[in-house]
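Here's the structure, in structure tokens; my notes come after.
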Amino acid sequence: MLDTLRESYFKKTTQFIVINREMIVVASDNCLFHMSTGMDITDFHPFFFSLSELFESEEGEAKQKFYCIQFDILGKTYYIDIETHKQNPTELVIVLNNLTDHYKSVHQIKQVRNESIIGFNITQELNKELEVQRGFKNKFLANVSHEIRTPLNSILGFVSVLENTDISKEQLDILSIIKTSSKNLVTILDDLMDISKIEAGKLEIKNRRFNFLEFIETLGKTYKIRAEDKRLELLIEINEKLPRFLVGDHLRINQIVVNLLENAIKYTHQGSISFKVYTNSVNARRIPVTFEVTDTGVGMPKDKLESIFDSFTQLEKKGLFGGSGLGLSIVKQLTHLLDSDLEVNSEEGVGTTFKFTIHMGVSHNQKKEPSKNVVIRHKTKGKGKKPRILLGEDIEVNQMLMMKLFTDHGGYSLDVAKDGERVLKFLDNYHYDLVIMDITMPRMDGLDTTVHIRNHPNKKIAKLPVIALTARSSEEHQQEAKEVGVNAYLTKPIDTDLLFSTVDKYLNRYKRKPKDNEDEEALS
Amino acid sequence: MSVSKKIVLLGHFGVGKSSLLRRFVENTFSENYVVTIGVHIMKKEVIVSNQKVTLIIWDVEGTDDFTKYRPSYLMGASSFIYVFDASRTVTYNDLKYNLSHLKEKYPLVPVHIIGNKVDLVDKNEVLENLKQQDIQHSYLSSAKTGENVEQLFENVAAQLLENA
């Protein structure tokens with residue numbers, strides 16, 4: 001019984017063939033495939049061509065095993081393991097072992113595995129390509145931003161200078177328009193840089209303790225005035241449960257809320273805007289804080305609500321969501337970065353509500369800190385020696401602007417060097433109290449120049465405060481500057497008040513002969 | 001008089017070895033990826049310099065580790081065709097390593113390097129990548145469009161006759 005079963009099974013899976021040196025079939029049991037005696041076995045399947053050389057080989061090499069040879073016979077696929085035994089120099093025994101069922105299951109597994117790996121590889125390649133494209137885009141944006149900021153710096157700077165001259169009310173109004181338009185352009189540039197940073201995953205959320213109630217109150221005051229200018233009412237509602245000090249990214253929350261309030265004021269022509277901030281939670285270490293801005297503006301059609309968050313998307317209807325089309329995209333992406341989601345409800349002709357909730361930590365310390373020492377203004381006007389400042393700046397119009405600003409402000413002496421090499425020469429030959437330096441300069445840029453200053457053998461020069469004043473606004477550039485020893489990083493267009501307060505701050509510190517660690521903290 | 005020569009197609013899985021073979025032998029192409037397991041063998045006669053050559057082409061299951069190839073598959077080969085996928089750098093990043101293994105084990109067998117699927121990529125970009133990695137390729141081909149497929153096998157056959 002067992003022998004019969006074995007024989008029947010064996011017959012279904014195994015075939016024995018004998019061939020001669022001419023590759024002619026001498027004998028075959030034909031259990032799997034029919035091979036008539038006298039036929040050329042290479043006519044049956046091209047695999048058998050390779051066996052001819054086994055006749056030429058030594059005795060010991062005559063036994064070979066070939067795994068998983070695919071035979072396509074009469075439209076059917078077989079997977080065969082083949083073994084050869086050299087009987088004598090003129091005859092070869094071939095054993096075909098049909099393992100089709102086994103190999104088919106292996107095939108299925110490998111099909112799934114390989115497809116998944118190939119899919120992963122393709123995704124990786126696409127990501128790599130996207131990264132390259134993103135890199136190009138970001139670099140392009142950074143360069144464009146720099147190129148636009150440089151002339152904007154002159155425009156805004158000279159507008160400020162002009163404002164302080166004897167001009168008529170009408171001229172002052174015109175200057176105000178130029179100033180507002182230029183500032184709008186700066187906002188667009190900042191937005192572009194932010195979008196690019198978010199897309200590159202380089203925008204980090206920095207959670208710090210801050211006076212939340214004061215922040216909301218200041219925002220409210222600012223936008224109340226802005227709304228009144230348009231004869232709109234701004235209703236502010238702040239929930240009493242809200243703690244004064246919270247831990248969160250003050251800068252990014254401000255950016256979101258400012259964008260929403262600006263939007264509301266811009267597209268509301270009559271009625272009111274309501275700004276609500278509230279929490280439903282008390283006595284918790286982290287609380288959800290909801291911000292809600294509702295306007296009675298033009299509203300939006302429902303089918304357009306999703307697309308308003310795409311970069312550069314504006315609704316077709318004139319005067320609806322115009323501008324650069326970046327604001328809401330940034331808001332959406334920033335709320336996402338803050339682990340929140342921006343909700344929007346709108347009805348055309350009725351108004352719009354934007355709402356988001358972020359979770360913020362509640363500071364253990366809810367006491368107001370005593371106000372920090374205000375930087376003492378550097379008072380040298382009229383008496384004593386004026387602090388001597390060296391400016392490294394290659395662009396003539398910027399040199400003129402700075403000279404004008406320092407002359408008008410008074411109390412300082414300003415020398416100008418047009419590149420980094422000249423900055424170093426001036427420092428070697430004259431005494432200075434502070435250096436203000438552009439980063440992009442010919443011959444030697446501001447960063448290299450700062451490295452030379454910090455490594456200067458004269459300790460007094462090596463410790464001079466260096467303020468970068470540049471159109472390069474990215475965090476990477478700021479970080480780079482910090483690493484080479486720049487004390488403060490100011491971006492163009494120049495904020496005159498910030499410029500002089502920073503100059504005074506470092507002049508006072510330098511006078512006190514600062515310790516090294518004080519300098520590092522200055523860039524924060 | 002006809003001579004028969006064994007050629008082995010090698011390379012990572014999914015690079016299009018089977019597609020190149022089908023395009024050459026049957027002039028067909030399918031977008032569907034079907035894994036080859038073990039080895040699939042086809043033959044085709046070509047005429048080179050008035051001489052008939054029967055190419056016995058072994059399409060061996062793809063792998064990224066050439067040390068895993070069964071010696072019985074490569075035994076008796078007159079030529080190797082190393083195929084990579086021009087649209088997936090991972091299939092040629094280790095090419096030099098795999099080549100050195102082949103050269104060590106089969107020093108007398110010539111290797112032809114083929115970048116397949118060029119219809120999917122920017123050729124200049126691929127050429128730049130290959131140049132950077134100092135890879136001397138024979139052809140950039142496409143089993144889909146048929147670009148350089150015929151030329152590839154005919155060139156291999158011609159070289160085999162030259163070396164015979």
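Out of all the residues in region A:154-176, is one or more in contact with a Lys or Arg (Cβ under 6 Å, 6 or more places away or on another chain), aliphatic (A, V, I, L, M) and touching a residue at least 24 places away in the same chain (Cβ under 8 Å)?
Yes - at least one qualifying residue is present in region A:154-176.
In this structure, A:N138 does not qualify as buried (at least 16 other Cβ atoms within 10 Å of the Cβ), touching a residue at least 24 places away in the same chain (Cβ under 8 Å) and within 14 Å of chain B (Cβ to nearest Cβ). Out of curiosity, is A:E131 under 30 Å from A:L334 (Cα atoms), of a type in the set (D, E) and assigned to a helix (DSSP H, G or I)? Yes, satisfied.
Are any of the residues in region B:80-96 touching a residue at least 60 places away in the same chain (Cβ under 8 Å), of a type in the set (F, W, Y) and away from chain A (no Cβ under 14 Å)? So far as region B:80-96 goes, yes, one or more of its residues are touching a residue at least 60 places away in the same chain (Cβ under 8 Å), of a type in the set (F, W, Y) and away from chain A (no Cβ under 14 Å).
Regarding A:F215, is this residue within 30 Å of A:H364 (Cα to Cα) and assigned to a helix (DSSP H, G or I)? Yes: the conditions hold for A:F215.
You will find that of B:S49, B:S100, B:S79, B:S72, the residue that is of a type in the set (S, T, N, Q) and on the phi > 0 side of the Ramachandran plot is B:S49 and no other.
Results for (1) facing chain B (nearest Cβ under 10 Å); (2) touching a residue at least 12 places away in the same chain (Cβ under 8 Å); (3) more than 26 Å from B:V34 (Cα to Cα); (4) of a type in the set (A, V, I, L, M, F, W, C), shown as yes or no for each residue.
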residue: A:I41; (1), (2), (3), (4): no, yes, yes, yes
residue: A:L51; (1), (2), (3), (4): yes, yes, yes, yes
residue: A:F55; (1), (2), (3), (4): no, yes, yes, yes
residue: A:Q111; (1), (2), (3), (4): yes, no, no, no
residue: A:E125; (1), (2), (3), (4): yes, no, no, no
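Being within 11 Å of chain A (Cβ to nearest Cβ), closer than 29 Å to A:L99 by Cβ and among the small types (G, A, S) is a description that applies to B:G76.
For A:R6, the conditions (1) assigned to a helix (DSSP H, G or I); (2) within 14 Å of chain B (Cβ to nearest Cβ) all hold with the exception of (2).
Applying the criterion of being polar (S, T, N, Q) and in a helix (DSSP H, G or I) to the residues of region A:166-205, the residue that is nearest to A:L337 (Cα to Cα) is A:S196. Screening A:E7, A:E115 for residues that are charged (D, E, K, R) and within 25 Å of B:G16 (Cβ to Cβ) leaves exactly one candidate, A:E115. In this structure, B:V53 qualifies as more than 12 Å from every other protein chain (Cβ to nearest Cβ), of a type outside the set (K, R) and surrounded by 15 or more Cβ atoms within 10 Å (Cβ to Cβ). So for region A:59-79 (the condition being within 9 Å of chain B (Cβ to nearest Cβ), charged (D, E, K, R) and under 23 Å from B:L55 (Cα atoms)), does at least one residue qualify? Within region A:59-79 (the criterion being within 9 Å of chain B (Cβ to nearest Cβ), charged (D, E, K, R) and under 23 Å from B:L55 (Cα atoms)), the answer is yes, since at least one residue qualifies. Out of A:D81, A:D43, one residue alone is closer than 30 Å to B:S18 by Cβ and assigned to a strand (DSSP E or B). It is A:D81.
Looking across region A:304-343, the residues that are of a type in the set (V, I, T), at pLDDT below 90 and closer than 17 Å to A:V293 by Cβ come down to A:I308, A:I330, A:V331.
Scan region B:17-33 and tell me whether some residue there is buried (at least 23 other Cβ atoms within 10 Å of the Cβ), within 13 Å of chain A (Cβ to nearest Cβ) and either among the hydrophobic types (A, V, I, L, M, F, W, C) or under 20 Å from B:E162 (Cα atoms) (or both). For region B:17-33, residues buried (at least 23 other Cβ atoms within 10 Å of the Cβ), within 13 Å of chain A (Cβ to nearest Cβ) and either among the hydrophobic types (A, V, I, L, M, F, W, C) or under 20 Å from B:E162 (Cα atoms) (or both): present.
Can you tell me which residue within region A:465-524, out of those that are among the aromatic types (F, W, Y) and modelled with pLDDT of 85 or more, is surrounded by the fewest Cβ atoms within 10 Å (Cβ to Cβ)? The residue in question is A:F500. Inspect all residues belonging to region A:435-458 and state whether any of them is crowded, with 18+ Cβ neighbours inside 10 Å, without any contact (Cβ under 8 Å) to a residue 60 or more places away in the chain, farther than 20 Å from A:A417 by Cα and touching a strand residue (DSSP E or B) at 6+ places or on another chain (Cβ under 6 Å). Scanning region A:435-458, I find no residue that is crowded, with 18+ Cβ neighbours inside 10 Å, without any contact (Cβ under 8 Å) to a residue 60 or more places away in the chain, farther than 20 Å from A:A417 by Cα and touching a strand residue (DSSP E or B) at 6+ places or on another chain (Cβ under 6 Å), so the answer is no. Helices (runs of 4 or more DSSP H) fully within region A:392-483 that include at least 1 residues being small (G, A, S): A:420-429, A:446-454, A:459-462. The residues of region B:51-87 that are polar (S, T, N, Q) and outside any loop (DSSP other than H, G, I, E, B), listed by number, are B:Q51, B:T54, B:T67, B:S72, B:S79.
The values are calculated or read from the model by the stated rules, or taken from the named source; none is laboratory data. Only a predicted model underlies this, so the values are computations on that prediction, with no experimental measurement involved. Every residue, glycine as well, gets a Cβ built from its backbone with ideal geometry; the counts of neighbours run over all protein chains shown.
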